[in-house]
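The values are calculated or read from the model by the stated rules, or taken from the named source; none is laboratory data. Computed from a prediction, not measured in an experiment: that's the story for all the values here. Every residue, glycine among them, receives a Cβ derived from its backbone with ideal geometry; neighbour counts consider all protein chains shown. Note: areas computed on protein heavy atoms with side chains; ligands, DNA, RNA excluded. Shrake-Rupley method; radii C 1.70, N 1.55, O 1.52, S 1.80 Å.
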Amino acid sequence: MDAAVDAAREKLKNVTPLKRDCGRVCGAACCRPLEGEETGMLLFPGETEAYAGREDWKIRRTARGDMVVCPGRCDREERPLSCRLFPLLPLIGEDGKIRVVTDLRARAVCPLARQGKSALDPAFTDAVREAGELLAQSEEQALFLDVLKQEQAEIAELLKQFRIQN
Ligand code: SF4
Ligand code: SF4
């Protein structure tokens, strides 16, 4: 696996959005695909090899990158980085520093994402920032974080237009 992704995954191995199991609040909504959908979680560059060919895990190639469709349950150590970061994202700011934001894609499913970062364990937010700093040291991962930043900007613009029209 890519060394930066491996280090970022390790940073988030033992921290979760809340000190208690937040899945009890929502029935682990982020692990259940919406009915009729099998969208999967976006994999970071170099992460695909950890899931390819595994029973009950499927890889989907998309224009955004590889996605993994999981069996709906997993051990903590096999969780993709996207799942470990959820519902936050580390993005590279204009000053080159990592900014931790609530993932706009998460708001549809995650009650914590709708409340914002203040609802989360600060240790989790700090770990997401540190994971982002590790990723940003790799040119390939930094480019991927830029793609995610662009995607967040596009979603924000769509949400703005939706609010204006309603
Ligand atoms: S949807 Fe949000 S609150 Fe529910 S398990 Fe996932 S991260 Fe936790
Ligand atoms: S890989 Fe694990 S944490 Fe991620 S969506 Fe699937 S069951 Fe949930």
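Could you report the chain's accessible area per residue, 1.4 Å probe, as an integer in Å²?
60
Just how much of Ser118 is accessible, in Å², when a 1.4 Å probe is used and the result is rounded to the nearest 10?
110
Taking the Cα centre of the chain as origin and charging only Cβ (+1 Lys, Arg; -1 Asp, Glu), how large is the dipole, in debye to the nearest 20?
My answer is approximately 800 debye.
Cross-link partners among aspartates and glutamates for Lys58, C-alpha distance below 17 Å, same-chain residues fewer than 8 apart left out?
Glu37, Glu38, Glu47, Glu49, Asp66, Asp75, Glu78
How long are the semi-axes of the ellipsoid equivalent to segment 3-165, from square roots of 5 times the Cα gyration tensor eigenvalues, in whole Å, largest first?
21, 20, 18
Please name which of Leu143, Asn14, Pro122 has its Cα lying farthest along the dipole of the chain towards the positive end, using unit charges on Cβ (Lys, Arg +1; Asp, Glu -1) and the Cα centre as origin.
My answer, from the dipole projection, is Pro122.
For the chain, with the dipole built from +1 on Lys and Arg beta-carbon atoms and -1 on Asp and Glu ones, taken about the Cα centre, which of Val101, Pro90, Trp57 lies farthest toward the positive end?
My answer, from the dipole projection, is Val101.
Given an 8 Å cut-off on Cα distances and at least 6 residues of separation, report the relative contact order of segment 1-73 as a percent.
30
With a 10 Å cut-off between alpha carbons and a GNM built on the chain, which of Asp95, Asp146, Asp126 moves the most?
Asp95
Can you give me the Cα centroid spacing of segment 43-99 and segment 101-166 in angstrom?
One Cα centre to the other: 14 Å.
Can you put Lys11, Lys149, Lys58, Lys19 in order of accessible area, largest first, using a 1.4 Å probe?
So the residues, ranked largest to smallest area, are Lys19, Lys58, Lys11, Lys149.
Would you work out what percent of the accessible area of the chain, with all protein chains in place, is carbon or sulfur (probe 1.4 Å)?
Exposed carbon and sulfur together represent 50 percent of the surface.
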